[in-house]
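Worksheet: one structure, shown below.
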Amino acid sequence: MTQPAKVVAIIAANPALSSLLAMVVAGDPRLNVRIFESEVELIAFMRVSPIHMLVCDFDREGRPAYEMVESIRLNGDLLSQEVPVIALTRHVTPPMRHQAISAGIDEVIIKPMSPRYLFQRIQIRLRTRSVVGTLGGYRGPERRNRIFAPIPTPQPARRASDNVVPLFPDRRKPQHPVMEPRA
């Protein structure tokens, strides 16, 4: 029995970018792409149907992307409050970085980027990302992995040409020097 297609929602700065991204992502038969022109359309859809990935754009008109994502995380009427989010932007400022982290945006990609690269990031996020803990409920990025030990996930090799802005420090490296016990 085959799994149902996962839904990827795209709300970009303009229809041309949305269409281009949708065309590339729709190349995977396991993904069902939905394009939204406004936040109102997206929220209405999320009330009746779950989505598995949200791609949004900081450069679009209307409410900033971080506010939209924050409202999704806090809206109990939606079927996909815990949806993984990839945001697109032309540049990242320190306040934007903080806003993305506090809203629960998983990844920020700098434009222009290859649509193929975004497609790869979507596939990786769909395989490895879950923001809901075993006890249920969204725990937010600043509290993630406090309740349970982190589950190691395969990390793609980073290249100098990658344009992903890391939002979180690498947790595989010790943050503090380890003290050896005295004998």
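Where a number appears in this text, it was derived from the coordinates with a stated rule and is not lab data. Only a predicted model underlies this, so the values are computations on that prediction, with no experimental measurement involved. Please note: Cβ atoms are built from the backbone with ideal geometry, for glycine as well, and neighbour counts cover all protein chains shown.
The mean sequence distance of close C-alpha pairs (under 8 Å, at least 6 residues apart), as a share of the length of the range 43-90, puts its relative contact order at 53 percent.
Extension gain, Gln3 to Arg116: 0.36 nm times the residue separation minus the Cα-Cα distance gives 38.3 nm.
Sorting 87-97, 10-20 by average packing, meaning the other beta carbons within 10 Å per residue, from highest down gives 10-20, 87-97. Once each part is reduced to its C-alpha centroid, what is the distance from the range 102-130 to the range 13-58 in angstrom? Taking the Cα centre of each part, the range 102-130 and the range 13-58 sit 13 Å apart. 3J(HN,Hα) along the range 35-43, derived from phi through the Karplus expression 6.51 cos²θ - 1.76 cosθ + 1.60 where θ = phi - 60°, amounts to 9, 10, 8, 9, 5, 4, 4, 4, 5 Hz, with x in place of Gly and Pro.
Across the range 50-122, the volume of the C-alpha convex hull divided among the residues equals 87 Å³ per residue. When the Cα atoms of the range 17-56 are aligned to their principal axes, the ranges along those axes come out at 26, 21, 11 Å in descending order.
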